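This report refers to the structure that appears directly beneath it.
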Amino acid sequence: MDNLSRRLLQASCAVALTAAVANPAAAQSTRKDLKAGNKLFEQDNYRAAIPYYEKVLAKDPNNAKALFNAGISYMSFDKEKASDYIYKAQKIKPKVDKSVEYWLGRVDHLNYNFDEAVAHFQAYNATLKKSDQRKEELAQLIAHSKNAKVQFNSPKDIFVKNLGPTINTQYSEHSPVISSDDKTLIFTSRGEAVTGATGNISDKKNKSIAADGEYFEDIFEATRVDDENWQKPRSLSGVLNGKGHDASTQLFDNDSKLLMYRNDNNGDIFVSDKSGGDWGVPKPLDANINSKAYEGDAYITPDGLTLIFATGKYSEDGTLDLFQSTRVAGGDFGPAKSLGANINTKYDDDSPYMSKDGKTLYFSSRGHNTMGGYDIFKSEYDEAARKWGPSQNMGYPINTPDDDSYYRLSPDGSYAYLSSYRIGGYGEKDIYTINYIKNANIIGKVFSKRDSTTVIPGVELVFSGAQADKTALSFRDITKPDGAYQVAVLSGRTYQVAVSKDGKNIETQEFAVPVSTNDSTTITKNFYVDYIDTTSTGLAFKNIYFDTDKYKLRPESITELNNTSQVLMANTGINISIEGHCDSRNTDEYNMVLGQNRAEAAYNYLKKQGIAETRMTTVSYGERRPAAPNDSPENMQLNRRDEFKVVLKEGETMPVVAPAAPMTEPTAAPLTPGKSKMKMADGTKVKTKVDEDSDKVKVKTKGPTGDTKTKTKNGEVDAKAKDASGEKTKIKAKNE
């Protein structure tokens, strides 16, 4: 915790304690619990303080001060609950604490609400005097939030995976060390299985609990079962255990030596040798490395001659910097030398690790352009200048708004381990693996949905997606004569796959590609599409189109439906499916209904033209099968349509299509002048009126499916129709 946070906590605790004592109306037990919680809170023993605050809140849910202090205490264990508690405290009592804006900024930052965090930090900053030293720390916190927003909005294609509950607990796990065969994990835990310490304990009955109320750090070992699982960890602290905290750092020299940390002498670096399967008593490194100041994490080069380590020895305020020391074989380490201004900042710089070739240094820092807390950085060694180059933030999601540290590469360098406190973990810090997302090879064929066996060559498939930073991705292939295709796509995302042939969209499907962390993953995906090759028969029904949110037939649609009816009348063996489609302006449910209405509008018209009901079916796809992306008025018009597909029964082949018969004058007997009435089997009433010269005919129908009025004069037809739903249609035509 930074200095500003500690000062604010101490002030907050003092106010809370005074308020509790000054409130004579509070129950004695509540005062006692609040006092006990505040005492632990002041000692930074937040885990132990929380139960006392929860007791207070169980009796008095609106106790603003208990909510406020409990919220701060939860920040290390449950970020979301911390935010809920502090915000609730402010709502109940806006001036619950002078530093409330500061803490609101902290919890908003941890919960990825970066703009809100900046606003709170600025509000708190405005309450401070110009000479207040806290202004500098607030400026850094504001910079953290701004940096975090930039990194969060430009994420890397990284797969972050928790090692799971066998390794991680509700407490803190960190400092992962992997063996050279990638089968053994040595790590540090503050879980309940630790062995404890001989001094500096807060609970005389439980020597495993440190002064901060947490369990001491111990070193554990776990063996890999498979790629996903580990055996139950066993403690190594029987031999390696010191007076208090013990932490793993690095295996080296063919896994025969363990570099480790002990909090002896305010924190020193030790080494233990393995003999006969057991670790020997750890020995401290020499005085050029260890000092009265804190020495923490370290990395030793494969030849054992160079050590990079974190120490507070050379800074005025005890903050950590990274130093390097070399030795001759068999000798002690020489004087330490700073890694330079490109690495070290005035804030903590810690947790060094180097690539096998020695050209890349990975480390954690609270400085540079961190997202908040510790972030992981890397630096490339400049051979010409003989120094480390500028530090680069590894980016989100490797880094988060909270502490991210102990970045360690796997033996083959294909992935890495790190320790991080992030939302979705098991408690405090957890150990995660970091993999760069790789391509997956997608193979398959395109089949006709009609029989699921007929392949379709010449089909274009376009996989459209996006990178993690929203940059568009597009991968394309065209099916071969055997219907096969192959594309290599970036894995770990859902693609929209547009299937088209001869420049015309057949349909669009969604396809989710799972995460692949190697380049050898192959996934088979076959597509089954509504497509029948009609080019050999000369049969091609044209689409008809609709106005926005309408299913009324347009005049040009009437003309096209007349052509369709002529083809169907000339080919009585052909049945069709009428498919209604929509753009994406409304909800999926609404568009399914609208699409059905559009299909039925064409169905009803063709039925009136004499096409038997048994030859037609209707179906609605709503917005689910767009002909084009819904990204422009022109494309949306293409999607507001009816399509007409030939329906073949199982085993049938496409019949030879006869040309449509030309429009001819009817050969029925001449109409007789006068009026007539009749009633059809379905109840439809028909009235007919023919004038004296038989050149003018009026016909009216009224029945269950709707009403019509038709007038024919001198070869011109004027018709009006209204179906059962009230939809009206007008037709005017002239027989040449």
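When both segment 215-271 and segment 99-178 are represented by their alpha-carbon centers, they are found 29 Å apart. In segment 364-452, the portion of solvent-accessible area held by carbon and sulfur atoms comes to 46 percent [1.4 Å probe, whole percent, DNA, RNA and ligands not counted]. Per atom type, segment 222-261 shows carbon and sulfur on 42% of its accessible surface, probed at 1.4 Å.
Please give me, ordered by residue number, the trypsin sites (Lys or Arg not before Pro) of segment 21-129 that lie in loop per DSSP and have at most 10 other Cβ atoms within 10 Å. Mind dumping the intermediate values first?
Values: sites: 31, 32, 35, 39, 47, 55, 59, 65, 79, 81, 88, 91, 95, 98, 106, 129; in loops: 95, 98, 129.
Of the trypsin sites (Lys or Arg not before Pro), the ones in loops of segment 21-129 whose Cβ has at most 10 other Cβ atoms within 10 Å are 95, 129.
Using Cα pairs under 8 angstrom and six or more residues apart, how large is the relative contact order of segment 350-441, in percent? Could you put the intermediate results ahead of the total?
Numbers: 177 pairs, mean separation 18.4, N = 92.
Relative contact order of segment 350-441: 20 percent.
Between the alpha-carbon centres of segment 599-633 and segment 458-508 there is a gap of 27 Å.
Give me the percent of the accessible area of segment 115-200 that comes from carbon and sulfur atoms, probe 1.4 Å, all protein chains in place. Write down the numbers at each step before the final one.
Values: 2090 of 4130 Å².
Answer for segment 115-200: carbon and sulfur cover 51 percent of the accessible area.
What is segment 70-167 by shape, rounded, prolate or oblate, if you read a ≥ b ≥ c off the alpha carbon gyration tensor as root eigenvalues and call it rounded for a/c under 1.5, prolate for a/b larger than b/c, and oblate otherwise? It is oblate, given that a/c is not under 1.5 and a/b is not larger than b/c. On a per residue basis, segment 445-558 carries 52 Å² of accessible surface, using protein heavy atoms and a 1.4 Å probe.
Any idea of the accessible area per residue across segment 249-307, 1.4 Å probe, to the nearest Å²?
Values: 2540 Å² over 59 residues.
Heavy-atom accessible area per residue stands at 43 Å².
The values are calculated or read from the model by the stated rules, or taken from the named source; none is laboratory data. The structure displayed is predicted, hence computed values, not measured ones. In this analysis, Cβ positions are derived from the backbone assuming ideal geometry, glycine residues included, and neighbour counts consider all displayed protein chains. Areas reflect the complete protein model, heavy atoms only, side chains present, ligands, DNA and RNA absent. Shrake-Rupley method; radii C 1.70, N 1.55, O 1.52, S 1.80 Å.
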